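Working notes for the structure below.
The values are calculated or read from the model by the stated rules, or taken from the named source; none is laboratory data. Keep in mind that this is a model prediction, so the values were computed, not measured. Cβ atoms come from the backbone with ideal geometry, glycine included; neighbour counts cover every protein chain shown. Only protein heavy atoms, including side chains, enter the accessible area calculation; ligands, DNA and RNA are left aside. Shrake-Rupley method; radii C 1.70, N 1.55, O 1.52, S 1.80 Å.
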Amino acid sequence: MKRYVYINDDESARDLYCDNCISNRKYTLLNFIPKNLWEQFSRFMNQYFLLIACLQLWPLITPVNPASTWGPLIFIFAVSATKEAWDDYNRYLSDKKANEKEVWVVMHGIRKLVQAQDIHVGNIIWLRENDEVPCDLVLIGTSDPQGVCYIETAALDGETDLKTRVIPSACMGIDSELLHKIKGVIECPSPDKDIRRFDANLRLFPPFLDNDVCPLTIKNTILQSCYLRNTEWACGVAVYTGNETKLGMCRGIPEPKLTAMDAMIDKLTGAIFVFQIVVVIVLGIAGNVWKDTEARKQWYVKYPEESPWFELLIIPLRFELLCSIMIPISIKVSLDLVKSLYAKFIDWDNEMIDQETGTPSHATNTAISEDLGQVEYILTDKTGTLTENKMIFRRCCINGVFYGNDSGDALKDVELHNAVSSRSPDVIHFLTVMAICNTVIPMKTKTGDIFYKAQSQDEDALVHAAARLHMVFVNKNANILEIKFNGSTIQYEVLETLEFTSDRKRMSVVVKDCQNGKILLLTKGADEAILPIACPGQQTRAFFEAVEQYSQLGLRTLCLAWRQLKEDEYEEWSLLFKEANSTLVDREWRIAEVCQRLEHDLEILGVTAIEDRLQDGVPETIEALRKAGINFWMLTGDKKNTAIQIALSCNFISPEPKGQLLLIDGKTEDEVRQSLERVLLTMRITTSEPKDVAFVVDGWALEIALKYYRKAFTELAILSRTAICCRVTPSQKAQLVELLKSCDYRTLAIGDGGNDVRMIQQADIGVGISGREGLQAARAADYSIGKFRFLKRLILVHGRYSYNRTAFLSQYSFYKSLLICFIQIFFSFISGVSGTSLFNSLSLMAYNVFYTSIPVLVSVLDKDLSEETVMQHPQILFYCQAGRLLNPSTFAGWFGRSLFHAIVVFVISIHAYAYEKSEMEEVSMVALSGCIWLQAFVVTLETNSFTILQCIAIWGNLASFYFINWIFSAIPSSGMYTIMFRLCRQPSYWTTVFLIVAAGMGPILALKYFRYTYRPSKINILQQAERLGGPILSLGSIEPQPRPILEKEVSPLSITQPKNRNPVYEPLLSDSPNTRRSFGSGAPFDFFQTQSRLSSSYSRNKDN
Amino acid sequence: MMSSNTASSSAAVAGSADSAAPRRNSKKPKYSRFTQQELPACKPILTPRWVISAFLLVSVVFIPIGVVSLFASRDVVEIVDRYDNDCIPDNTTDKVNYIQTPGDKSCNRNITVPKRMKQPIFVYYQLDNFYQNHRRYVKSRSDAQLRDNSSASDTSSCKPEDMYNGKIIVPCGLIAWSLFNDTYSFSRNSSQLNVNKKDISWKSDREHKFGSDVYPLNFQANGTVIGGASLNSSIPLSQQEDLIVWMRTAALPTFRKLYGKIEVDLEPNDVISVTLQNNYNTYSFNGKKKLVLSTTSWLGGKNDFLGIAYLTVGGLCFFLALVFTLVYLVKPRRLGDPSYLSWNRNPGGR
């Protein structure tokens, strides 16, 4: 489990660990074909098609030329294999570039330029400024005398700010020349993929003294793919190389996500398969019976008296082949094609470009656009997702005195400025903590301005605010911090940094005042992490109140505290801390424990309040999506009150009396259980009441609830449309997603930061906001958008259209395959159940791959309703959510249609072309023409909007059908020679075709018209309204409809509702959410009041 | 993964080198109506007026066509004479045995012409319950062999009628082997009616499908099991028109094949006596044999189906148009009425 890296030992490690040759390739030249084929054939559909194709090689049973299956099959395989090969070739090229990059490596004591792939574990590597790091290194030296270097980790975690890395203490002060000869051993764990941890030890060998073990952390490493910045040079020991680097280990192929629609299509395919088997068995038996009773008498068929043992199987197998086209081979290709086009439409959408940064939306996962239209739950992060994550310091409370309460901006509060200039010690301390208790790096531009590189937006806000209050953090030189206060420079030496973790919820620094040598502990953190560890004598009530008051306003609060440390106390603790830092097992936990020993008896200095403004359009987006029947859960790491305030201000929940918040809390199992039961009870009662009920749970209670009362909590999750989960950890976010997914809900998780990554990956659809917290979430997500408000368009426009289009496309694909298959089956009844194919191989192949695929592909441009209408009536999304357009019953409709059309085509062709005209090729071509004509009309009837492309595709396809067949009719060696010319000259051909069209389409048009006019769906009504133009605007204002109507309509439903929803954990397929949905739209009066109060306070803030 | 890394890093480098503005522009997708899904589109909806007029139009077009085709079909004079049973001597019990034993099987039939038949009069033979579309049968042929002398040995698809005693059969296969071999000769008022057997097959078949250098070889050489007609081995296949007609397999178990053409007009009440050789075995599978004399129209032979179907469809469309109109008048329904757009109802009401 451990690896020992011997520094600069050229021999030993060479064979033990792999070299630095990066390989991202899936294939090699040799294994490409077998491996790729194996991968493709691991899918059921492909196995099926291969089986069919193989059976067709047996001439005794094949009804058509094997080429009719092999052709498309090989084509499909070739397409996906070429795509894979191309991707792999590109990976190979980029690998090659990385591998052949030259880097300076110490070999036998001399620095040499070596190709990156020849680096071995234990080599010392020299990097210069702006070099890319070729493998994972442990730093041993930098150009900086303090041993600091700066790296950019954008490629690793997407964070664009610079991070500092330091050399281990043991290597401090070694001359750069001596670094060539350094020897030692690094004891480090086996390669893993945690890019935030590196728990290792370093021991240098004599003569490099210091025989002590020196602990190493991630701070001492620079990982592959990072860039060295602002540092002249750095050198390090390679510890992980090649594919064993942290980055290499992180690399994994994410599980492909399957949409609900894909699952449904698979299910339907399965049903068709079963149907096919039944048909085959029935016809196979019938065929054998007919053979034995009738065909033996048909002397011209010359059945042999004696038959081989497999004779009985031959007819069923023939029918299997004949029916194999029931499952369309083209559906997979068509779907892949249209799906990638959906994704492209998202990428291209001009209205989803973030104008501020110019970032367009991007669909990383091209396969799941339909799922967007079926979302039932949205789990959203708060900070940076709903809010802008642009932190602005607004208010503070220093030692009980509130600043900024009047103006809404503490920085403009004269009293605070007065306090600063009068050097009130409390205020000075407060500002000092603000300025230096952080991990911010000040940078000087060429013009001398200072700007800050901060990992946390809060810290950034605090440092900026401190600077505005004349406490300017000027410079950070290794461990020395420089602060300018009113012209005088104060220096602090940082002794230790006790880092922020989400468990500790606070961070501290231990600094030494360089002037008087006092050692100070400066701490900042969440109120519940700081206030309990205040020194016993201090009154914390004022701070509690301040926190309360600020979070009521939706502000983020931090408590600042400090304590002076005694020299010996620090020394003693420092040893413990060092020890904890060098443990290999449970280091994080040990450190937290040690930190706790120091962080006590703090003197609370005050509370800061930072504002994080809501993003534009968030309330509108949430309202629209809630009207669309989507349930919202807010998962945040923030405090309860802050979360609730933000929730109120963005329409997430309604205030009393319309809305009701139910609290689940408790510290022990029992308390949580009681509170859970209470909430559940209320929830059950109120489901029948028109009330907007939401529950609030915090991380601690959630953990208990999920652990012990999962069932009850699941029920609660189903009952509640809205939930606020505060103080939750990233893994809890993922657990909640998991919980909702386990109830068969379609979940969408949206977030912007690294803490949302797990939730995003877990959810059916992950949406990342490419925001200020880096691109980590956006990278992990299926879709990345610039602003939260684009979610509305993403779901209502792109998701909905994708769903509708795929629903049509997939069912149509089955319809056309079934159509031709039914005709074949009918034909078998008049051909002695012997498995003759009516159509020739060429027609069959072209039918599936060409004639019927092109027109339907342009249905990706179809829009049933215009974007504006959908935006005005988000409720229409219901049809997609509930899967109304693709389910067994709609499929049954298409199945019936194909059966009906098959009967029409078959009956008309064999009767019109009877007796002397019943020539095989001619009848077959008449029937095929009938099918093609019907296809054109079916697509026309099902298309809602015709663009020029659709017209070209539909009618051009029909023309090309004739064109292609004329070409084949002109080739003397083809079986179809002259057939099409003959037919086109016959009036009876044209009359037959038109008869087929009229008889086939008449009933369908009549039925559709009847439904459309007398049993219209909401979609139809909106279509009509849209078309008639006028009333659409008055329709759009459906929300301000007089309330009595709403109430009247709601009341009868609400009685029946609990029945629908309560007992079973049913997905939202039932129509139940409507009651409450209507109330979400009919906004109560007092709600507006609250909102206006809130917004006025916000606008006041904005004014400043 | 790696490629994305390099891509992002190169983008980062480019970003730092360039100013922010051009990068913003380059990232923006190019605007076009297609990419924005804003192509101008026509959105027809099913308004009552549109649907009713469509149905009316169909009925207005279809009913006349139906009438015309029905008249065309009725104009055709067709004489069908089933002879398979009547041409067996009355005392025969085993019809199959009778037909299979060689001997003179000639038979005389008299047909009365009901109406004036204008020339050309097509002579067909009609077989019922004969599965020319049976899979074993329909596949048992070799197009290459028929077309070209050089591929005479290409008989693999012809099983079980491909070889005789190791010698290639030309034309091979079950279809050719079972060639129809009843013959007819016609006389009117004891004067011979000439049956033109020239050009009864498709011209394209004679020229391209059946080679002029392919001669029958070992055909029906198997003395014990004789299928149908034998062929004169000195005449090339391209001139064996009966074979060419027969080889155009029928898609239905009831079919007619052209036997020849009578190129004189027949007057009403003419009695035509047919002398036929009843050779072909349809008795073992209860198939019927019929002799058909028929004139033709622009739609082909006598077939009422199209006419009746057109009338039916046209009538139904008219009926539907009428019903929809009535419903529309009795119970008018405003399209896009917002009062139907209450979201509180069951949205799936359809």
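Quick look at the values:
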quantity: Degrees, to the nearest 10: A:67-100 long Cα axis against longest axis of chain A; calculated: 20
quantity: Part-to-part distance (alpha-carbon centres) for the range B:194-269 and the range A:532-563, which is given in Å; calculated: 107
quantity: Residues of the range B:284-307 buried by at least 20 Å² on assembly (accessible area, 1.4 Å probe, chain alone as reference); calculated: B:284, B:285, B:298, B:299, B:301, B:303, B:305, B:306
quantity: Sequence-distant lysines (8 or more away, or on other chains) whose Cα lies within less than 26 Å of residue A:627; calculated: A:382, A:640, A:658, A:691, A:733, A:741, A:787, A:792, A:863, A:1018, A:1048, A:1059
quantity: Of all accessible heavy-atom area on the range A:910-980, the percent that carbon and sulfur account for (1.4 Å); calculated: 77
quantity: Distance (nanometres) between label positions extended 7 Å along Cα→Cβ at residue A:985 and residue B:331; calculated: 5.4
quantity: Alpha-carbon Debye profile of the protein assembly as shown, log10 I(q)/I(0) at 0.04, 0.06, 0.08 Å⁻¹; calculated: -0.39, -0.74, -1.06
quantity: Signed unit charges on C-beta, dipole axis of the protein assembly as shown, positive-most listed residue A:239, A:618, A:398; calculated: A:618
quantity: Gain on full stretching of the segment that runs from residue A:311 to residue A:951 - 0.36 nm per residue minus C-alpha separation; calculated: 225.4 nm
quantity: Out-of-range pairs (alpha-carbon distance over 20 Å; input A:917/B:290; A:35/A:83; B:167/B:197); calculated: B:167/B:197
quantity: Order by protection proxy (mean Cβ within 10 Å, highest first), peptides A:741-750, A:810-819, A:593-602; calculated: A:810-819, A:741-750, A:593-602
quantity: 1.4 Å probe accessible area per residue over the range A:791-834, in Å²; calculated: 10
quantity: Chains A and B, summed buried accessible surface - 1.4 Å probe, Å², nearest 100; calculated: 10300
quantity: The range A:611-663 shape via C-alpha gyration tensor axes, a/c threshold 1.5; calculated: oblate
quantity: Where no second cysteine Cβ lies under 4.7 Å, the cysteines concerned in chain B; calculated: B:42, B:317
quantity: Threshold 40 Å², the range B:196-225 residues less accessible with all protein chains present than alone (1.4 Å probe); calculated: B:202, B:204, B:208, B:209
quantity: Antiparallel bridges, percent of DSSP beta bridges restricted to chain A (to nearest 5); calculated: 75
quantity: Heavy atoms of residue A:129: accessible area, 1.4 Å probe, square angstrom to 10; calculated: 80
quantity: On Cα atoms only, tilt of A:1043-1061 relative to the major axis of chain A in degrees; calculated: 80
quantity: 222 nm mean residue ellipticity, helices alone, for chain A (DSSP H n ≥ 4; -39,500 (n - 2.57); rounded to 500); calculated: -14500 deg cm²/dmol
quantity: Separation between Cα centres of the range A:22-87 and the range A:724-760, rounded to whole Å; calculated: 39
quantity: Accessible area of chain B divided out per residue, in Å², using a probe of 1.4 angstrom; calculated: 48
quantity: For the range A:294-310 and the range A:449-513, distance of Cα centres in Å; calculated: 96
quantity: Per-residue [θ]222 nm for chain B (sum of -39500 (n - 2.57) over DSSP H runs n ≥ 4, rounded to 500); calculated: -9000 deg cm²/dmol
quantity: Relative packing of peptides B:190-196, B:273-279, A:853-859 - highest average C-beta neighbours within 10 Å first; calculated: A:853-859, B:273-279, B:190-196
quantity: Unit charges on C-beta of K, R, D, E only; dipole of the protein assembly as shown, Debye; calculated: 4540
quantity: Cα gyration tensor, the range B:189-262 - rounded (a/c under 1.5), prolate or oblate; calculated: rounded
quantity: Built amide H within the under 5 Å cut-off of residue A:229, gap 5+; calculated: A:130, A:150, A:151, A:152
quantity: Equivalent ellipsoid semi-axes - Cα gyration tensor, the range A:540-664, angstrom; calculated: 41, 20, 12
quantity: Eligible aspartates and glutamates near residue A:291 by straight Cα distance, threshold 14 Å, same-chain separation 8 or greater; calculated: A:305, A:306, A:311
quantity: Heavy atoms of residue A:464 accessible to a 1.4 Å probe, total area in Å² rounded to 10; calculated: 80
quantity: Qualifying lysines (Cα of each under 23 Å from Cα of residue A:518; at least 8 residues distant if same chain); calculated: A:476, A:484, A:566, A:578
quantity: Residue-normalised accessible area of the range A:376-429, expressed per residue, 1.4 Å probe, Å²; calculated: 34
quantity: Accessible-area value, residue A:4, 1.4 Å probe, nucleic acids and ligands omitted, Å²; calculated: 110
quantity: Chain A: angle of helix A:948-969 to the longest principal axis, Cα-based, in degrees nearest 10; calculated: 40
quantity: Chain B: most fluctuating residue of B:241, B:263, B:38 per GNM, C-alpha cutoff 10 Å; calculated: B:38
quantity: Anisotropy class of the range A:359-443 from Cα gyration tensor, a/c 1.5 cut; calculated: prolate
quantity: Delta accessible area of at least 50 Å² on complex formation, residues of the range A:822-840, 1.4 Å probe, chain isolated as reference; calculated: A:830
